[in-house]
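Read the figures in this text as sums done on the coordinates, not as results from a lab. Just so it is clear, the structure is predicted and the values come from calculations on it, not from any experiment. When we count neighbours, we look across all protein chains shown, and the Cβ atoms used for this are built from the backbone with ideal geometry, even at glycine.
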Amino acid sequence: MTKNKSTEKKSYNFFEDVHAVAKLIPKGRVTSYGAIAAYLGTKMSARMVGWAMNSAHGDKKLPAHRVVNRIGLLTGKHHFKPPSAMQKQLEHEGIKVVKDKVQNFDKLFWDPSKELI
DNA sequence: GGTCTGACCGGCG
DNA sequence: ACGCCGGCCAGAC
């Protein structure tokens, strides 16, 4: 034990990873929590991804509005300052949102594990 | 220190 | 076809 790893924390890595991927989302594209989770290796724990967003709520660089659930539903819009801001942002990106749902979701879907390496 | 929740996903009845 | 339930990980009280 040449070094003490007791002070090491990899938990933070998870949060930073989610933030990093979220920032890498191209404009006009959307992704799902599960996709990010799978990219991080925790596909089963997609809940953590959305939660990581909540912790990064103060980071404007985090395009959380581009992150939706697997069906393209704006599940996290309720967490935005004005919930309507999420849809407005998506529409501003050129994404059509109807009834809090992303249209052409499968086309606008951006998979980090495929687009990114 | 134990318990609960949480912006999800997938399977089963 | 629809609804319900469990799972997984990490932070907050």
For the range A:17-68, the Cα convex hull volume per residue in Å³ comes to 62
The residues A:16, A:115, sorted from fewest to most surrounding Cβ atoms within 10 Å, come out as A:16, A:115
Per the helix-only model, chain A has a calculated mean residue ellipticity at 222 nm (DSSP H runs of ≥4, -39500 (n - 2.57) each, divided over all residues, rounded to the nearest 500) of -11500 deg cm²/dmol
For the range A:44-97, the Debye formula with one identical point scatterer on each Cα and no solvent gives log10 I(q)/I(0) at q = 0.18, 0.23, 0.26 Å⁻¹ as -0.57, -0.92, -1.14
Charge dipole of chain A built from unit charges on the beta carbon (Lys, Arg +1; Asp, Glu -1), centred at mean Cα; most positive-end Cα among A:40, A:20, A:76 is A:76
With +1 at each Lys and Arg Cβ and -1 at each Asp and Glu Cβ, the charge dipole magnitude of chain A around its Cα centre, to the nearest 20 debye, comes out at 100
Ranked from fewest to most other Cβ atoms within 10 Å of their own Cβ, A:33, A:12, A:39 fall in the order A:12, A:39, A:33
Placing one equal point scatterer on each C-alpha of chain A and summing with Debye, one gets log10 I(q)/I(0) at q = 0.13, 0.22 Å⁻¹ equal to -0.48, -1.26
Taking A:117, A:71, A:25, A:36 and counting other beta carbon atoms within 10 angstrom, the fewest-first order is A:117, A:71, A:25, A:36
